[in-house]
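Enquirer: Below: one structure in structure tokens.
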Amino acid sequence: MPVLRYALTAVLLVAVVAGCGGSGSDSSRSSATQVIVDGDGAFDDVKAILYLLEQPDIEVLAITMSGTGIGHCPAAAENVSAVLERIEAPDIPVACGRTTPLEGNNEAPEVWRNATDNLGGVDLPDPRALAGVGAPALLAETISASDGIVLVALGPLTNVAEAVEAEPGLLDRVEMIYLMGGAVDVPGNMIDVNPAAEFNIWADPHAAAIVFDTDVPITLVPLDATNAVPVTPYLYEAVSAHRDASAVSQFTADYLDATPLIGGLYHWDELAAVIATDESVATIEDRNLAIEEEGGAQAGATLESPAGRVVRVAVDADREAFEDHFYQAIIGTGDTGLPAWEPDASLTWDGTACSYAGPDPLPDLLVVQINNLGVDPVALITGAYAPGTTTADAEALRASGSTETPEWWKQQALIGVLAGAHDVWFVEGGSDITALCYLDNTRFWEIAGPRLTD
Ligand code: BDR
Ligand code: CA
């Protein structure tokens with residue numbers, strides 16, 4: 001498993017890395033619902049689309065991919081089209097959009113984008129022909145021809161905004177947008193560029209502002225809710241145990257085999273898709289939100305503002321209820337027959353103290369869940385001190401304002417977790433490895449392994 005190596009500095013990990021009837025409160029649907037999916041072709045988008053395709057009371061009319069998120073265009077659309085072919089899905093038009101945001105130049109790191117373009121190399125047939133039009137036109141055509149439609153938006157809103165600019169009243173025909181994006185009472189996940197913003201909104205803030213400026217009802221599924229559904233080894237165990245259940249489970253198992261679990265992933269888009277089919281898995285509150293379009297520390301944030309618009313915000317989610325819906329679709333049963341997943345170790349920052357529960361010393365490899373219940377980023381650091389140096393030296397170095405990685409500290413990992421998050425990571429250990437809980441650049445607590453305080 002890749003273990004992330006970072007200098008002993010404040011560089012915290014990018015933890016990035018979605019009942020109908022308008023604002024109706026009914027939590028399940030009474031009849032088939034027409035749905036369009038717009039996304040960005042990432043690991044979770046694909047599983048969210050599979051989830052929706054498996055819903056008996058949903059008809060997916062079109063799938064559009066943005067070229068401004070994680071996947072590139074046309075690769076993201078070709079991948080989705082190839083997945084549809086592999087699972088023998090109905091003939092659904094798929095299109096890709098523009099490759100630059102409507103304004104600005106925010107972009108995910110190429111290494112992430114390229115890794116997404118071939119879906120980890122999973123076995124796929126040739127894609128079906130893409131729609132003969134671009135994503136905004138396909139959105140407009142499909143919405144205009146429908147008699148009330150739900151849009152599940154799982155990536156930057158570039159395509160949707162471009163369609164609105166071409167036809168300002170277009171979204172009047174959309175009953176609800178279920179939007180994976182934003183962060184309201186918790187930090188964003190663009191920690192090394194803008195801690196206030198979540199990726200989908202950050203990638204094209206102006207597009208988000210255009211959509212927020214319409215009257216379309218929006219149910220936002222922000223990090224506040226997705227923090228409840230981290231990706232854990234359970235996903236791999238459950239899908240692998242039921243890989244022969246269907247074409248969807250077989251593909252998902254192959255996909256998971258091809259894309260080993262790294263840390264810090266969440267079921268972001270899958271949660272938005274599940275909430276679009278059953279809102280009872282979430283706690284939803286009305287909030288007044290505006291998109292921060294200006295640059296600077298808040299760029300791309302979803303801010304509470306009297307000048308904002310009413311948005312239905314999923315402020316929390318029920319992980320078990322989510323998993324029941326998700327696995328029912330992907331492997332045909334919510335009862336996977338597996339025991340509930342537990343990490344090998346857990347590190348919890350409660351805002352005043354770090355507590356660690358798990359093996360000490362650290363075994364060679366363990367799965368750690370890091371629960372940040374505070375308001376500041378907290379990190380788990382593992383490494384080994386040179387003889388004669390102690391944690392007091394590390395604290396003195398940080399207190400001096402130095403950001404260097406001292407030669408007397410051989411670091412293995414520094415895993416930063418944002419307030420409200422519950423990241424799951426694989427961590428290398430060893431009997432000579434000291435594990436530290438690390439906060440706000442100066443405070444360290446030795447939590448496992450050799451104790452090297454004065
Ligand atoms: C969002 O960013 C994308 O990479 C994911 O697919 C998800 O939609 C999470 O911030
Ligand atoms: Ca996405």
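Coordinate-derived values only; no laboratory data. It should be emphasised that the depicted structure is a prediction, and the values quoted were computed from it without experimental measurement. Cβ atoms come from the backbone with ideal geometry, glycine included; neighbour counts cover every protein chain shown.
Enquirer: Would you mind putting 346-355, 89-98 in packing order, based on average other-beta-carbon counts within 10 Å, highest first?
Expert: On the way: 346-355: 16.2, 89-98: 20.2.
Ranking, from highest mean packing down: 89-98, 346-355.
Enquirer: Put +1 on the Cβ of every Lys and Arg and -1 on every Asp and Glu Cβ in the chain; which of Ala115, Phe426, Ala297 then has its Cα farthest towards the positive end of the dipole?
Expert: Farthest along the dipole direction, towards plus: Phe426.
Enquirer: Tally the DSSP beta bridges in segment 345-448 and give the antiparallel ones as a percent, rounded to 5.
Expert: Around 85 percent of the beta bridges assigned by DSSP in segment 345-448 are antiparallel ones.
Enquirer: Along the positive direction of the dipole of segment 345-448 (beta-carbon charges: Lys, Arg +1; Asp, Glu -1; about the Cα centre), which of Cys437, Ser346, Asn371 reaches farthest?
Expert: Asn371
Enquirer: Normalise the Cα radius of gyration of segment 382-423 by 2.2 N^0.38 Å (N = residues in it) and let me know the number.
Expert: Values: Rg = 12.4 Å, N = 42, 2.2 N^0.38 = 9.1 Å.
The reported ratio for this selection is 1.37.
Enquirer: Just subtract the alpha-carbon distance of Thr100 and Glu428 from 0.36 nm times their residue separation and send over the number in nm, one decimal.
Expert: 114.2 nm
Enquirer: Can you give the convex hull volume of the alpha carbon atoms of segment 311-396 per residue, in Å³?
Expert: Residue-normalised Cα hull volume stands at 176 Å³.
Enquirer: Express in % the proportion of alpha carbon pairs of the chain at distances exceeding 38 Å.
Expert: In whole percent, the long-distance tail amounts to 23.
Enquirer: Rounded to the nearest 20 debye, what is the charge dipole size of the chain about its Cα centre when +1 sits on each Lys and Arg Cβ and -1 on each Asp and Glu Cβ?
Expert: Charge dipole, the chain, about its Cα centre: 560 debye, nearest 20.
Enquirer: Distance from the Cα centre of segment 396-437 to that of segment 250-329, in angstrom?
Expert: 29 Å
Enquirer: Dividing the alpha-carbon Rg of segment 345-448 by 2.2 N^0.38 Å yields what?
Expert: My calculation over the Cα atoms of segment 345-448 gives 1.01.
Enquirer: At 0.36 nm per residue, minus the direct Cα-Cα distance, what do Asp172 and Asp360 gain on full extension? Give it in nm, one decimal, please. Don't skip to the answer; put the middle values down first.
Expert: Values: separation 188, 0.36 × 188 = 67.68 nm, distance 5.84 nm.
Extra length available between Asp172 and Asp360 comes to 61.8 nm.
Enquirer: How much FRET efficiency would the formula 1/(1 + (r/R0)^6) give for Asp316 and Asp257, where r is the Cβ-Cβ distance and R0 is 35 Å, rounded to 0.05? Spell out each step's value before the answer.
Expert: Details: r = 32 Å, r/R0 = 0.92.
In this case the efficiency is close to 0.60.
Enquirer: I'd like to know which of Leu171, Thr142, Leu102 lies farthest towards the positive end of the charge dipole of segment 12-330, counting +1 on Cβ of Lys and Arg and -1 on Cβ of Asp and Glu.
Expert: Final value for the positive-end residue is Leu102.
Enquirer: Using the alpha carbon gyration tensor of segment 394-450, what are the three equivalent-ellipsoid semi-axes (square root of 5 times each eigenvalue), largest first, in whole Å?
Expert: Numbers: eigenvalues 76, 57, 21 Å².
Semi-axes, largest first: 19, 17, 10 Å.
Enquirer: What ranking do 150-158, 113-121 get when scored by the average of other Cβ atoms within 10 Å per residue, highest first? Let's see the in-between values first.
Expert: Details: 150-158: 29.7, 113-121: 16.9.
Averaged packing, sorted descending, gives the order 150-158, 113-121.
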